[in-house]
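> Below are the structure tokens for one structure; questions will follow.
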Amino acid sequence: MQTIRAVRYHSTGDPARVVQVYEVAVGEPAAGEVRVRMLWAPINPADLNMLEGKYGESRPLPDVPGNEGCGRVVSVGGGVDESWIGRLVLVDRMAWREEGNWPVESLIAVPAGIDARRACVLRVNPPTAWCLLHAFADLKPGDWIAQNAATSAVGRAVIEIARAKGWKTLNLVRRRDAADELRALGADAVVVDRPEAADEAVAILGGTKPRLGLNAVGGVPATRLAGLLAERGTLATYGAMSKEALKIPNGFLIFRDLDFRGFWLTRWLRTASPSERDAVFDGVFHLASRGCFAPRVAAEFPLSEVASAVARSGEGRGKVLLQLTM
Ligand SMILES: NC(=O)c1ccc[n+]([C@@H]2O[C@H](COP(=O)([O-])OP(=O)(O)OC[C@H]3O[C@@H](n4cnc5c(N)ncnc54)[C@H](OP(=O)(O)O)[C@@H]3O)[C@@H](O)[C@H]2O)c1
């Protein structure tokens, strides 16, 4: 047994109040497991929702938060090839800890050339963007996609993937000052998400209507986004940052036959075949190795300051990263 520090929460509520650092004992990795010394983890909206008790599924408490993170394999259990030792890997849950044991089949190995701080944000948001862009429409070069919350990590990944594929993006944002940074990533158009946005977007699109809209806001902004779509287009909802329900005018269904779909990466990963999963992560790592998906870092905190880190992450304007060990 070894004693390590891990973040835990014993009840749900205000995220900054429910997280605490504990000393916990970790045994040797069992058969089929590896021991990972964790290095970096981002704080994502899903982590905050989980701590609030407002996520799509709950876990037995006490629990270690952290839906993604990157670490290095330091030892292996029975039946696991020793070539895993020394490799950087992405874990999918209970990431906010110094060390832990994970089933080897749950890990994603990071290719050489991507360091742990860059890699720690690659397990959730870029694969979500990749799936959203590939699952709901057969996009051709030059096709437009429209999305809201375009400044988010998913939104930025959508822009970078679309640019690599030759698809154009119309990006709705809350902040006018976000336009330059999104254009630098490859955004074709950036529009402030307000009542006038629909007319501005129609003028930019010049008669073209996107067949795919990606919604991470909900409420009135989602209705506005759906209003831009082509007849029989798809609005894929994957987030609800405003916490407002979708409002769908009857005419969107009757006259325009819009398709309203949802996407949850967790479910997708549970049902995807190994080759489907590999295809997504190969695509993500290929673009990451060319410089895409660099985290827009708002602040970094050590594990011991997790409560401050969680409080800061609720303020937005980039990702807060936890440095779990040096
Ligand atoms: N379904 C899935 O499988 C899946 C996977 C990954 C992520 N997600 C979801 O995708 C969304 C984005 O995640 P992320 O990690 O990319 O986020 P992030 O990088 O932390 O960015 C948050 C985004 O939400 C915007 N925002 C915050 N509060 C808002 C509000 N009240 N109304 C409108 N926009 C608001 C922010 O705009 P500013 O830049 O203006 O602050 C920013 O664009 C979250 O809802 C997350 O849960 C879902």
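We did not get these values from a lab; they are worked out from the coordinates using the rules stated. Please read all numbers here as calculations on a predicted model, not as lab measurements. Please note: Cβ atoms are built from the backbone with ideal geometry, for glycine as well, and neighbour counts cover all protein chains shown.
> Once every Cα of the range 55-199 carries one equal point scatterer and solvent is ignored, give the base-10 log of I(q)/I(0) from the Debye formula at q = 0.10, 0.19 Å⁻¹, two decimals.
Log10 I(q)/I(0), no solvent term: -0.48, -1.10.
> What percentages make up the Cα-Cα pair-distance distribution of the chain when the bins are 10 Å wide from 0?
Percent of pairs per bin, in order: 6, 26, 33, 23, 10, 3, 0.
> Looking at the chain only, what percent of DSSP beta bridges run antiparallel? Nearest 5 please.
Roughly 55 percent of the beta bridges in the chain run antiparallel, per DSSP.
> State to the nearest 20 debye the size of the charge dipole of the chain about its Cα centre, where the only charges are +1 on K and R beta carbons and -1 on D and E beta carbons.
It works out to roughly 520 debye.
> How large is the charge dipole for the range 195-326, taken about the Cα centre, if only the Cβ atoms of Lys, Arg (+1) and Asp, Glu (-1) carry charge, to the nearest 20 debye?
160 debye
> Taking amide H atoms as placed 1.01 Å from N in the peptide plane, list the residues 5 or more away in sequence, or in a different chain, whose amide H sits under 5 Å from that of Asp143.
Long-range HN contacts for Asp143: Lys168.
> How many angstrom lie between the Cα centre of the range 1-29 and the Cα centre of the range 286-319?
Answer, in whole Å: 20.
> Now a separate question. For the range 24-94, state which GluC sites (Glu not before Pro) are in a DSSP loop and have at most 11 other beta carbons lying within 10 Å of their beta carbon.
For GluC sites (Glu not before Pro) across the range 24-94 that sit outside H, G, I, E and B with at most 11 neighbouring Cβ atoms in 10 Å, the list reads Glu57.
> Suppose the chain between Ala112 and Glu52 were pulled fully straight at 0.36 nm per residue; how much longer would it get relative to their current alpha carbon spacing?
Here the segment from Ala112 to Glu52 would lengthen by 18.0 nm.
> What number, rounded to the nearest 500 deg cm²/dmol, is the helix-based mean residue ellipticity at 222 nm of the chain, given -39500 (n - 2.57) per DSSP H run of at least four residues and division by all its residues?
Numbers: 12 runs with 101 residues, N = 326.
Helix-only estimate at 222 nm: -8500 deg cm²/dmol.
> I would also like to ask the following. I need the semi-axes of the equivalent ellipsoid of the range 181-259: take the C-alpha gyration tensor, multiply each eigenvalue by 5, square-root it, list largest first in whole angstrom.
They are 20, 16, 12 Å, listed from largest to smallest.
> How about the range 164-252: which trypsin sites (Lys or Arg not before Pro) there lie in a loop by DSSP and see at most 15 other Cβ atoms within 10 Å?
Working: sites: Lys165, Lys168, Arg174, Arg175, Arg176, Arg183, Arg211, Arg224, Arg232, Lys243, Lys247; in loops: Arg174, Arg175, Arg211, Arg232, Lys243, Lys247.
Answer by residue number: Arg175, Arg232, Lys243, Lys247.
> Would you mind listing how long the range 16-105 runs along its three principal axes, going by Cα atoms, in whole Å with the largest first?
39, 22, 22
> Lys and Arg at +1, Asp and Glu at -1: add these up for the other residues within a Cβ distance under 15 Å of Ile254 and post the number. Kindly include the intermediate steps, with their values, before the conclusion.
Working: positive: Arg232, Arg256; negative: Glu231, Asp257, Asp259.
Every neighbour counted, the sum reads -1.
> While we're here: State whether the range 126-266 is rounded, prolate or oblate according to the following rule on the C-alpha gyration tensor (a ≥ b ≥ c being the square roots of its eigenvalues): a/c under 1.5 gives rounded; otherwise a/b larger than b/c gives prolate, and the remaining case gives oblate.
rounded
> Let me ask another. HN-Hα J couplings of the range 280-285 from phi, Karplus 6.51/-1.76/1.60, θ = phi - 60°, integer Hz, Gly and Pro as x?
5, 5, 4, x, 5, 5
> Within the range 135-162, name every residue whose backbone N is under 20 Å away from a label modeled 7 Å from Cα of Glu276 along the Cβ vector.
Backbone N within reach: 135-139.
> What whole-number distance in Å separates the alpha-carbon centres of the range 31-72 and the range 176-222?
The distance from the Cα centre of the range 31-72 to that of the range 176-222 comes to 32 Å.
> May I have the extent of the alpha carbons of the range 1-53 along their three principal axes, as whole Å values ordered from largest to smallest?
35, 19, 19
> Give me the three principal axis extents of the range 254-318 from the C-alpha atoms, as integers in angstrom, largest value leading.
49, 36, 25
> Related question: Local charge sum around Thr3 (other residues, Cβ-Cβ under 12 Å, Lys/Arg +1, Asp/Glu -1)?
Net charge around Thr3: -1.
> Also, I was wondering about something else. What's the tally of Lys pairs in the chain whose alpha-carbon atoms lie under 21 angstrom apart, where the two lysines are 8 or more places apart or on different chains?
10
> Could you size up the charge dipole of the range 145-250 around its Cα centre, putting +1 on the beta carbon of Lys and Arg and -1 on that of Asp and Glu, and report it in debye to the nearest 20?
My answer is approximately 240 debye.
> Mind running the shape call on the range 61-124? Use the C-alpha gyration tensor, a ≥ b ≥ c as the square roots of the eigenvalues: rounded below 1.5 for a/c, prolate if a/b tops b/c, oblate otherwise. If you can, show how the numbers build up before the last one.
Numbers: a/c = 2.00, a/b = 1.11, b/c = 1.79.
Judged from the Cα gyration tensor, the range 61-124 comes out oblate (a/c at least 1.5, b/c at or above a/b).
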